[in-house]
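The numbers here are math on the coordinates, done by the rules we state, and not lab data. Only a predicted model underlies this, so the values are computations on that prediction, with no experimental measurement involved.
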Amino acid sequence: MNILALGLYGVAAIFGLILALRVFRQENSPMLMALLHMGFAVAGALTLIGFLTSGEAQSPLFLYAMIAYGVAALGGLFLFSYRFRDAGFPPKGIVIVHALVAVVGTLLLLTASFG
């Protein structure tokens, strides 16, 4: 299940990279792209939670990865909220922090899986 979570997060990362590039170019992105990014990330989180609760996770790094993804999700919700207010584009710094925290989660998950 941890490999499935990695794959789902990988697909979410591809959509996230496209979304981030559009923010940096000050271009609007389609709502569907944001929803797909969010959907794949949530599916990855649910898969990882299932793995954690099954008792198969032997390394604490799996839990640390989940915590990092949870923090990234909070940042993602903040970024998503910009679609519903008249504040323009989200702050680029928050986009960078959101991405870096998600990358840390992925590195932790990779290390725990193949470490």
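Working from Cα positions, state the angle (0 to 90°, nearest 10) between the long axis of helix 31-53 and the longest principal axis of the chain.
Between the helix axis and the principal axis of the chain, the angle is about 20 degrees.
Please work out which option in [x] 15.4, 42; [y] 14.4, 46; [z] 17.7, 56 gives Rg and Dmax of the Cα atoms in Å calculated from these coordinates, and answer with its label.
Given [x] 15.4, 42; [y] 14.4, 46; [z] 17.7, 56, the calculated one carries the label [y].
Quick one: angle between helix 92-114 and the longest Cα principal axis of the chain, in degrees between 0 and 90, rounded to 10, please.
The helix 92-114 is inclined about 20 degrees to the chain.
Any chance you could give the angle, 0 to 90 degrees and rounded to 10, that helix 61-81 forms with the longest Cα principal axis of the chain?
With both axes taken from Cα atoms, the answer is about 20 degrees.
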